[in-house]
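The values are calculated or read from the model by the stated rules, or taken from the named source; none is laboratory data. Owing to the predicted nature of the structure, the values given are computational and were not obtained by experimental measurement. Neighbour counts are summed over all protein chains in view; Cβ atoms, including those assigned to glycine, are modelled from backbone coordinates with ideal geometry. Each accessible area value is taken on the protein alone, full model and side chains, heavy atoms only, with ligands, DNA and RNA left out. Shrake-Rupley method; radii C 1.70, N 1.55, O 1.52, S 1.80 Å.
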2 protein chains.
Amino acid sequence: MLMSQPRHTPITTPQAPPAARPGKVGRPRKSALPETGALGRERIFQAALALIDAQGLAAFGIRGLATQLGVAPAAIYWHVASREDLVYGALSIALADVAQAMPPGSWQLRIQTVLRRFRATLRQHPHLAPAVANELGCNATLDTALMEHIVAALEEAHFDGQALVDAVNVVVAAMCGFATLELSTAPAGPDSAWGQACRAQVEGIDPARCPALARHQSELANHAFLMRWTGGMDNPLDTGFEAWVDVLIGGLEARSRVLLEARES
Amino acid sequence: MLMSQPRHTPITTPQAPPAARPGKVGRPRKSALPETGALGRERIFQAALALIDAQGLAAFGIRGLATQLGVAPAAIYWHVASREDLVYGALSIALADVAQAMPPGSWQLRIQTVLRRFRATLRQHPHLAPAVANELGCNATLDTALMEHIVAALEEAHFDGQALVDAVNVVVAAMCGFATLELSTAPAGPDSAWGQACRAQVEGIDPARCPALARHQSELANHAFLMRWTGGMDNPLDTGFEAWVDVLIGGLEARSRVLLEARES
DNA sequence: ACCTGAACACCGTTCAAGT
DNA sequence: ACCTGAACACCGTTCAAGT
């Protein structure tokens, strides 16, 4: 029984990673590539998204995805580089139609539409909310149509040069920021030990140390970030989001005015 | 050799979780509690933060933390409920002094200060950026002093009732949103395969399908969210952040004006 | 009250081998 | 080109036992 476990050998030199596998990064998608196998990246990502939607991000794994697809776990690695690649792929197809068929109208209305659509789409896949910031901070795989809409709208608002780049970043951050925070779910159920503790801390605010907070405690409790114990699906912050959109548009308009006046003088 | 592996028994009824351990959630911190042990939550969180800063969030684990503390892995579980608890604790102490010693001044200036401080603090612990949205969406463990400052500033700006709650959420989302997105790191090194692919896609933008995007391609490349292949530490978006702050303040001012006018009539 | 040893039940990933 | 079997090297977490 001493020699029956060759596993768990403690020391091995980690061999250098082998030459890149096919679908390592990006999707060349030459559109002429055979895709003869029964699997294929698209089917894998769809299944991954369905599984994440059903069970959450933490419970999602390659082994579960493999059984879902009726395939050996290792098979997935022929099409995809890593687990991270999978959630990124799932996020990509989930957000694919945010930019579809933008309605005509003022630049303000079009930017409002982008924000509202993003939030609505993320609400259909709330378990992906934690992945948005991680995966979307830098990458260009998201449909370029979305960026085109944003840039075109900001051009119309007279942004140009560095000011345009800045405005683009402001809009993208606004698009992601609120919904991501709103939908990041609580660790446990409605009245878990965690929820109770959170609630108790809010209710135990000291009016001496935090007078302003204490004054509005009852309105803020469970309705403000950092002071709520219910997730964004059960307890949406609708009016807060509308205020967010309003502040963004108002701030952009003010900035656009300043820009125009500086240009005239 | 058949009977030598009692491990990996496939089917076991998952026993109900035992009665809550001491440091399960929140920190009662009666301040009279002995804290006689050599460990203690504070020391554990400090060590966790140091480890996350050094190695990143993905590489951080309980086993590594245990060896760092010169202790058995299981020892940590007497003080802390889970790995998630650890990163949350680390984030809490990392952000602890965002609200320390707020300078006097107009409400606009104070809100600007909150945003700038949050970003500066997160830049000192960039590996925690992905955890911000996940852990900060709902919880009240963050120093209430921060919320007090925000609420007090917005009161001064004449927000009240639901409009105040909305404004608080707007400010908190703004505080977290930009910096989180900016600092979420690229999966790999500067010119990895991933970076190359990202760059290629940006440079391959089709001027026929995306005319506005193509017009500003050179300025946007590697300087805008979704179009950059360098992380926020090496490649900060300083002017974008200032625009963000500017838009927020401008938008809040406009909303405040509307509120006042409605109240006068 | 606090910590150790040792195991349990998983992971993601690799790699030779199949077809 | 695409997939399987089987293993490797880890995980987080639990639990009886120590002190």
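A search for C-beta distances below 6 Å between a residue of the stretch A:106-127 that is among the acidic types (D, E) and any residue that is part of a helix (DSSP H, G or I), counting only pairs 6+ apart in sequence or on different chains, returns nothing. Test B:R209 against the stated conditions and say whether it is facing chain A (nearest Cβ under 8 Å), buried (at least 17 other Cβ atoms within 10 Å of the Cβ) and out of contact with any His (no Cβ under 9 Å at 6 or more places or on another chain). Spelling it out, it is not the case that B:R209 is facing chain A (nearest Cβ under 8 Å), buried (at least 17 other Cβ atoms within 10 Å of the Cβ) and out of contact with any His (no Cβ under 9 Å at 6 or more places or on another chain). Could you tell me which numbered condition A:L57 fails, if it satisfies all but one of (1) open to solvent by 20 Å² or more (accessible area, probe 1.4 Å); (2) over 18 Å from the mean Cα position of the chain (by Cα)? Here A:L57 clears every test but (2). Between B:N222, B:N169, the distinction of being open to solvent by less than 40 Å² (accessible area, probe 1.4 Å), more than 7 Å from chain A (Cβ to nearest Cβ), under 27 Å from the mean Cα position of the chain (by Cα) and within 25 Å of A:L146 (Cβ to Cβ) belongs to B:N222 only. Mind listing whichever residues of the stretch A:232-261 are out of contact with any Lys or Arg (no Cβ under 9 Å at 6 or more places or on another chain) and facing another protein chain (nearest Cβ under 7 Å)? If the condition is that a residue be out of contact with any Lys or Arg (no Cβ under 9 Å at 6 or more places or on another chain) and facing another protein chain (nearest Cβ under 7 Å), then A:T239, A:G240, A:W244, A:L248, A:G251, A:L252, A:A254, A:R255 are the ones that fit.
Restricting attention to the stretch B:63-103, the residues that are open to solvent by 30 Å² or more (accessible area, probe 1.4 Å), part of a loop (DSSP other than H, G, I, E, B) and either at pLDDT 95 or above or within 16 Å of DNA strand D (Cβ to nearest atom) (or both) total 5. Residue check: B:N169 meets all listed conditions (1) modelled with pLDDT of 95 or more; (2) more than 26 Å from A:L183 (Cα to Cα) but one, namely (2). Taken together, the criteria exclude B:R199 from residues that are farther than 21 Å from B:Q124 by Cα, at pLDDT 95 or above and basic (K, R). When B:R21 is tested against the conditions (1) within 13 Å of DNA strand C (Cβ to nearest atom); (2) modelled with pLDDT of 95 or more, the lone failure is (2). Considering the stretch A:111-121 alone, what residues qualify as being open to solvent by less than 40 Å² (accessible area, probe 1.4 Å) and of a type outside the set (A, V, I, L, M, F, W, C)? Matches in the stretch A:111-121: A:T113, A:R119, A:T121.
If you go through the stretch B:149-165 and keep only what is over 27 Å from B:D238 (Cα atoms) and assigned to a helix (DSSP H, G or I), you end up with B:A152, B:E155, B:E156, B:G161, B:Q162, B:A163, B:L164, B:V165.
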